[in-house]
1. So residue 165 passes all but one of these: (1) in a helix (DSSP H, G or I); (2) touching a residue at least 40 places away in the same chain (Cβ under 8 Å); (3) surrounded by 16 or more Cβ atoms within 10 Å (Cβ to Cβ). Which condition number does it fail?
2. Tell me, please, whether a residue that is within 19 Å of the chain's Cα centre (by Cα), under 26 Å from residue 162 (Cβ atoms) and modelled with pLDDT under 80 can be found in segment 57-70.
3. So residue 45 clears everything in (1) more than 27 Å from residue 114 (Cα to Cα); (2) surrounded by 10 or more Cβ atoms within 10 Å (Cβ to Cβ); (3) at pLDDT 70 or above except one condition, right? Which one?
4. Which residue pairs have Cβ atoms closer than 9 Å, lie 6 or more positions apart in sequence or on different chains, and pair a first residue in segment 80-99 that is in contact (Cβ under 8 Å) with a residue 40 or more places away in the chain and at positive phi with a second residue that is outside any helix (DSSP H, G or I) and surrounded by 13 or more Cβ atoms within 10 Å (Cβ to Cβ)?
5. Can you tell me which condition residue 108 does not meet? The list is (1) in contact with a helix residue (DSSP H, G or I) (Cβ under 9 Å, 6 or more places away or on another chain); (2) surrounded by 12 or more Cβ atoms within 10 Å (Cβ to Cβ), and all the others hold.
6. Show the residue pairs meeting these rules: Cβ distance below 6 Å; 6+ apart or different chains; first residue within segment 170-196 and within 19 Å of residue 105 (Cβ to Cβ); second residue modelled with pLDDT under 80 and in a helix (DSSP H, G or I).
7. Check off (1) part of a helix (DSSP H, G or I); (2) surrounded by 15 or more Cβ atoms within 10 Å (Cβ to Cβ); (3) at pLDDT 80 or above for residue 129 and give me the number that stays unchecked.
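The values are calculated or read from the model by the stated rules, or taken from the named source; none is laboratory data. Quick caveat: nothing in here was measured; it's all calculated off a predicted structure. As a convention, Cβ positions derive from the backbone with ideal geometry for all residues, glycine included, and neighbour counts pool all protein chains shown.
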């Protein structure tokens, strides 16, 4: 067999180096793009969840220096405040099921209300000493602390329920709102056109 001409070898070698260079740059660009994508995902994930609270991870402790028994009047005020918080939560749930507002408008209002409710709820827990109860605390205060804990769980469940309900039924709620509005106008016009 005859060997290829000597001048073809530099051309082949040059093509091989060109291919390797292109492959290396493609690999670098792919790796850099993947790294950049992961960095953006991490940054977005952190900024989106920076204000999210995880109360199940928070450790509460009893401050024995301030854990003196509350008076009957203070206990009654705490109980009334918890009752008002529960009533407020239940009324907001009912508002979600009426469908009077547009889905986006309702969710905006609900999120704003939820933040305010959560602030008031946490402030109530601190002022009534419901977040730092130990097993040796005042008996009636332990009962209030249990109500506080369960109301917190119930509110979290309600928040998920409202968001799911409004999201899943957005189209039906909008159609019903439009039908009610149209029917109300038709009935109003029909009554005005009746003969004397």
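1. The one condition residue 165 does not meet is (3).
2. Within segment 57-70, the subset within 19 Å of the chain's Cα centre (by Cα) is 57-58.
Then keep just the ones that are under 26 Å from residue 162 (Cβ atoms); that gives 57-58.
Remaining after also requiring modelled with pLDDT under 80: 57-58.
There is at least one residue in segment 57-70 that is within 19 Å of the chain's Cα centre (by Cα), under 26 Å from residue 162 (Cβ atoms) and modelled with pLDDT under 80.
3. Result: residue 45 passes all but (1).
4. Close Cβ pairs (under 9 Å, with a partner that is outside any helix (DSSP H, G or I) and surrounded by 13 or more Cβ atoms within 10 Å (Cβ to Cβ)) amount to 99/169.
5. So residue 108 meets the others, but not (1).
6. 170/103
7. (1)
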